[in-house]
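Everything below concerns the one structure shown next.
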Amino acid sequence: MVSLYLPIVKFILALKLEFSKPQLGHLFTLVHGIILCAGRKNITQIQQAARGGRHLSNTTNFLNHSPWCVNRMQRRRMQFILDKIRTKREKLGDDRSLIFLIVDDTCCKKETSTKKMEALGFQYSHEAGKSIWCHCVVTAHVVSESRSYAWDFRPYFREEYCTEHRLSFKSKNDLALEMIETFPASPDEQVYVLMDSWYTSEKVINACNRKGFHVIAAVKANRLICVSGVTISMTDFATQCVRKSDLRSVTVEGQGTFRVYEYEGPLSEIENVKALLSWKDDYTDLSKPQVCLLCTDVSLGPVTILRYYHVRWNIETGYRYFKELLGFDHYQLLSFEGIRRFWAIQFLTQNFLESKRQDWMKGDKHLTLGDVVYRIRQEFLGQIIVYVYQQALEKKPLFDILKHLKIPA
């Protein structure tokens with residue numbers, strides 16, 4: 001009998017979601033299908049890949065109308081992930097755990113012909129360098145003890161859309177602030193919030209300070225600093241005051257060598273930070289800094305700041321895995337409630353795959369999420385081969401075997 005991949009069932013049951021038996025069946029099928037399905041991943045293809053016995057309308061009803069709470073699923077999933085991180089920390093004997101909370105946003109591009117899909121609009125995409133027809137999602141990612149989990153998400157709507165639909169407008173910074181303020185860190189955990197320059201507003205940094213979190217983030221080179229009582233932009237300071245002899249050569253493993261100028265003091269509206277003006281290419285006296293980083297933990301050295309900030313790359317690779325491997329933006333659902341639930345199931349799927357990646361890594365062996373998906377697909381294929389072999393030994397008609405596997409003759 002070909003069944004669901006058992007570790008998926010165990011992972012979801014461990015979350016204690018309080019779903020009914022039919023709802024759990026739909027959730028098992030969707031997570032299984034997302035992993036098994038190659039290529040485009042709309043709901044039809046996901047269900048076919050999982051070889052589920054339910055009608056397509058039942059699956060779409062589960063996403064669009066079935067009475068289950070996305071927020072409860074999110075809370076249970078996130079608590080489960082934190083418990084796994086803390087359990088590993090205890091096994092390693094760490095007295096004070098480092099946790100990196102990474103904030104960014106991504107666009108789920110759609111064809112302009114999809115007018116009936118709810119909540120779509122033209123939004124600026126950093127990747128495309130222009131406005132595109134899409135849904136925009138602000139997300140958070142957690143990295144700790146070599147574990148890398150997609151954490152939380154908030155859909156972003158343009159102000160015009162909020163006005164039209166009588167919603168409270170929240171900027172991307174507001175949504176990032178919500179996720180930061182609700183992150184349940186314990187007193188023995190030091191959290192570093194990693195962001196790009198879009199999110200380094202005063203209110204976000206102040207929120208991090210209130211929580212006892214430190215911030216490491218990129219900042220635009222036109223931000224103002226105060227050197228010896230003179231207020232000047234970092235660009236002007238770099239080109240007018242910094243010379244090659246003022247720079248330190250810093251090598252960061254896996255990133256290369258940088259020439260760095262360290263500054264400590266006020267930066268725009270922020271009272272006291274450490275800022276790094278860095279160059280990776282050949283430096284000239286008139287060259288502008290290629291990367292400017294802000295760090296609210298002034299005790300850190302430049303190597304550590306650069307190394308910690310490099311952890312932010314986890315959210316970028318996470319987006320790639322989400323879209324190319326799991327089909328995060330492949331949905332064709334019309335209801336935004338269904339889309340939001342689909343995203344929540346995608347986050348759950350990523351967390352399951354990351355948990356399996358950690359379980360399967362032995363010693364120095366390195367696995368990616370792609371490796372994990374490939375292994376699960378191979379195991380499921382092996383399960384099908386064994387089933388066919390057993391049915392052949394029992395002299396079952398080929399037509400019945402193909403019908404059970406939902407393979408056309």
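The values are calculated or read from the model by the stated rules, or taken from the named source; none is laboratory data. Bear in mind the structure is a predicted one, so any value in this text is a computation, not a measurement. Neighbour counts are summed over all protein chains in view; Cβ atoms, including those assigned to glycine, are modelled from backbone coordinates with ideal geometry. Side chains included, ligands, DNA and RNA excluded: accessible areas come from the protein's heavy atoms. Shrake-Rupley method; radii C 1.70, N 1.55, O 1.52, S 1.80 Å.
Could you say which residue among Lys365, Lys396, Lys356 is more than 13 Å from the chain's Cα centre (by Cα), farther than 28 Å from Val142 by Cα and of a type in the set (Lys, Arg)?
On the way: Lys365 fails: farther than 28 Å from Val142 by Cα; Lys356 fails: farther than 28 Å from Val142 by Cα.
Just a single option satisfies the conditions, and that option is Lys396.
Would you say Thr87 is surrounded by 14 or more Cβ atoms within 10 Å (Cβ to Cβ) and over 20 Å from the mean Cα position of the chain (by Cα)?
Values: surrounded by 14 or more Cβ atoms within 10 Å (Cβ to Cβ): no; over 20 Å from the mean Cα position of the chain (by Cα): yes.
Against the criterion (surrounded by 14 or more Cβ atoms within 10 Å (Cβ to Cβ) and over 20 Å from the mean Cα position of the chain (by Cα)), Thr87 does not qualify.
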Restricted to segment 1-41 and to residues being farther than 15 Å from Thr349 by Cβ and open to solvent by less than 30 Å² (accessible area, probe 1.4 Å), the residue modelled with the lowest pLDDT is Val2
Checked segment 90-117 for anything of a type in the set (A, V, I, L, M, F, W, C) and either open to solvent by less than 60 Å² (accessible area, probe 1.4 Å) or within 20 Å of the chain's Cα centre (by Cα) (or both); matches are Leu98, Ile99, Phe100, Leu101, Ile102, Val103, Cys107, Cys108, Met117
Contact list, first residue from segment 192-214 and over 15 Å from Cys292 (Cβ atoms), second anywhere and part of a strand (DSSP E or B) and hydroxyl-bearing (Ser, Thr, Tyr), beta-carbon distance below 8 Å, six or more apart or interchain, is Phe213/Tyr192; His214/Tyr192
Scanning segment 42-57 residue by residue, those in contact with a helix residue (DSSP H, G or I) (Cβ under 7 Å, 6 or more places away or on another chain), at pLDDT 85 or above and either among the hydroxyl-bearing types (Ser, Thr, Tyr) or open to solvent by 10 Å² or more (accessible area, probe 1.4 Å) (or both) turn out to be Ile43, Thr44, Gln47, Leu56
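With touching a residue at least 40 places away in the same chain (Cβ under 8 Å) and small (Gly, Ala, Ser) as the only criterion, which of Ala392, Ala344 stands out?
Numbers: Ala392 fails: touching a residue at least 40 places away in the same chain (Cβ under 8 Å).
Answer to the selection: Ala344.
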Would you check if Cys162 is open to solvent by less than 40 Å² (accessible area, probe 1.4 Å) and without any contact (Cβ under 8 Å) to a residue 40 or more places away in the chain? yes
Within segment 192-207, of all residues that are hydrophobic (A, V, I, L, M, F, W, C) and within 17 Å of Ala218 (Cα to Cα), the one most open to solvent (accessible area, probe 1.4 Å) is Trp198
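Restricting segment 208-231 to residues that are of a type in the set (A, V, I, L, M) and open to solvent by 30 Å² or more (accessible area, probe 1.4 Å), which is farthest from the chain's Cα centre (by Cα)?
From segment 208-231, those of a type in the set (A, V, I, L, M) are 215-219, 221, 224-225, 227, 230; that's our starting set.
Now drop any that are not open to solvent by 30 Å² or more (accessible area, probe 1.4 Å), which leaves 224, 227, 230.
Details: Leu224: 31, Val227: 38, Val230: 40 Å.
The residue in question is Val230.
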Counted residues in segment 347-372 being free of Cβ contacts under 8 Å to residues at least 24 places away in the same chain, of a type outside the set (Asp, Glu), part of a helix (DSSP H, G or I) and farther than 24 Å from Gln79 by Cβ come to 0
